[in-house]
1. Hey, what do the phi angles of the stretch 67-74 turn into as Karplus ³J(HN,Hα) couplings, whole Hz, using 6.51/-1.76/1.60 and θ = phi - 60°, x for Gly and Pro?
2. Check Lys77: other-chain or 5+ apart residues with amide H under 5 Å from its amide H, H built from backbone geometry?
3. Between Asp36 and Ser104, what length comes free when the chain is fully extended (0.36 nm per residue of separation minus the Cα-Cα distance, one decimal in nm)?
4. Please report the equivalent ellipsoid semi-axes of the stretch 37-109, computed as sqrt(5 x eigenvalue) of the Cα gyration tensor, largest first, in whole Å.
Amino acid sequence: MKKLFVLPILALFLISFQANAQSNKTETQKEVASKDVKTVTLKVTGMTCAGCSNQVYNALKSVDGVLEQLVEYSEDKAVVTFNPKLTTVEAIIKAINETPFTASIIKNKS
């Protein structure tokens, strides 16, 4: 009979522990996102379609330290948010330049 009471309590404990762990992870991601990030806007020449922008997007996604990327082929532009402790603007440009497209800096934001 005691086992019937222990099992639901144990289940509730495990569920609340998992929810708390996920909450802490989200807070840590927010701290990194707000403190240690930079944003660079790049001119990307040569893109003519959504497939081109997907190729640039995937190249940026493969760079360690890139947190977010927005690629717009119609505007020849990529806006990249990154952790400067893990990568550099030069590494981001190099990743794009290894595709059939060419990147150069338009402007930097912190």
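What follows is calculated from the coordinates using simple rules that are stated; it is not laboratory data. Only a predicted model underlies this, so the values are computations on that prediction, with no experimental measurement involved.
1. Calculated HN-Hα couplings, in order: 9, 7, 9, 10, 10, 10, 5, 5 Hz.
2. Answer set, sorted by chain and number: Val44, Glu72.
3. 22.2 nm
4. Here the semi-axes work out to 18, 12, 10 Å.
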